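The values are calculated or read from the model by the stated rules, or taken from the named source; none is laboratory data. In this text, all values refer to a predicted model and were calculated from it rather than measured experimentally. When we count neighbours, we look across all protein chains shown, and the Cβ atoms used for this are built from the backbone with ideal geometry, even at glycine.
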């Protein structure tokens, strides 16, 4: 989800209230935005430097319909502890998007290229929603470069694939209104019997934003949806040697808890949990708690007993230490 573009950004800031516009202005004043090109496809990254970090840089690999400011609201939670780097998918600024024939290994390669350019040997890597596909691939191919791995809303199944086909249909017709309607239907659980924090506010803000996608955005979004239809989000092969956390919303139907638990089972020692009273966009519905969870995991703080989480499980067995071992940063 692209949660920070144009006027819609302000409506999303109002979902949870507070002084987020002031926070954003403060963080943007300190940011760097750098442009890169990987195999002919241009992309940008946004960097918020931390003068006294206590952990490795937090790298957010933006997914499907996101950009480098989609996570600006979390600067205030993280910037005192780590440098924050948000990377857009390759092709975000190219005349043509990455074609549907290209799998997510391409995006993982672009991330490796970026880390080399920024001279970052090891990072904390965060993959959200479809951004978790290249994140998972990167962990398989470059485990030595990861201090910790967090995947949230990452386990996409048949519902996501069918939904992506419908999104591609509406985008091919340039029907931004129907594209927005379908995206909100997929991402926000509408079942009234399930409690979801800020459901109506999030739904309205996302619909207002997505249904006004420009022609250029719809061209790029179409390629994104087609790649999701054509390529598996994850490839076979275990991940080991990396402290990992797989998390999803308690009521996430797009990346349901059972699939997220299964993903965690494929990562040696990985923890699994869900965020209570949220669905696929938990980072909007309970943004403060979501940001707290990210920071806790990336700074080796305990996760047990947090009232916003369900029980923390270890589907593949517990790691060598009860809690994530310090990286010695």
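Give me the residue from segment 93-114 that is closer than 18 Å to residue 229 by Cα and out of contact with any strand residue (DSSP E or B) (no Cβ under 9 Å at 6 or more places or on another chain) and, out of that set, surrounded by the most Cβ atoms within 10 Å (Cβ to Cβ).
104
For segment 102-144, give me each residue that is in a loop (DSSP other than H, G, I, E, B) and at pLDDT 95 or above.
118, 119, 120, 121, 122, 142
(1) out of contact with any strand residue (DSSP E or B) (no Cβ under 8 Å at 6 or more places or on another chain); (2) more than 23 Å from residue 290 (Cα to Cα); (3) touching a residue at least 24 places away in the same chain (Cβ under 8 Å): which one isn't true of residue 166, the others all being true?
The failed condition is (3).
Yes or no: segment 226-246 includes at least one residue that is closer than 30 Å to residue 193 by Cα, modelled with pLDDT of 95 or more and either surrounded by fewer than 20 Cβ atoms within 10 Å (Cβ to Cβ) or in contact with a strand residue (DSSP E or B) (Cβ under 7 Å, 6 or more places away or on another chain) (or both).
Checking segment 226-246: at least one residue is closer than 30 Å to residue 193 by Cα, modelled with pLDDT of 95 or more and either surrounded by fewer than 20 Cβ atoms within 10 Å (Cβ to Cβ) or in contact with a strand residue (DSSP E or B) (Cβ under 7 Å, 6 or more places away or on another chain) (or both).
Within segment 70-92, can you find the residues that are over 22 Å from residue 296 (Cα atoms) and either crowded, with 22+ Cβ neighbours inside 10 Å or free of Cβ contacts under 8 Å to residues at least 60 places away in the same chain (or both)?
88, 89, 90, 91, listed by residue number.
Hey, among the residues in segment 182-212 that are surrounded by 15 or more Cβ atoms within 10 Å (Cβ to Cβ) and free of Cβ contacts under 8 Å to residues at least 40 places away in the same chain, which one's nearest to the chain's Cα centre (by Cα)?
184
Considering only helices (runs of 4 or more DSSP H) fully contained in segment 1-101, which possess at least 2 residues that are farther than 28 Å from residue 255 by Cβ and either at pLDDT below 90 or touching a helix residue (DSSP H, G or I) at 6+ places or on another chain (Cβ under 9 Å) (or both)?
20-29
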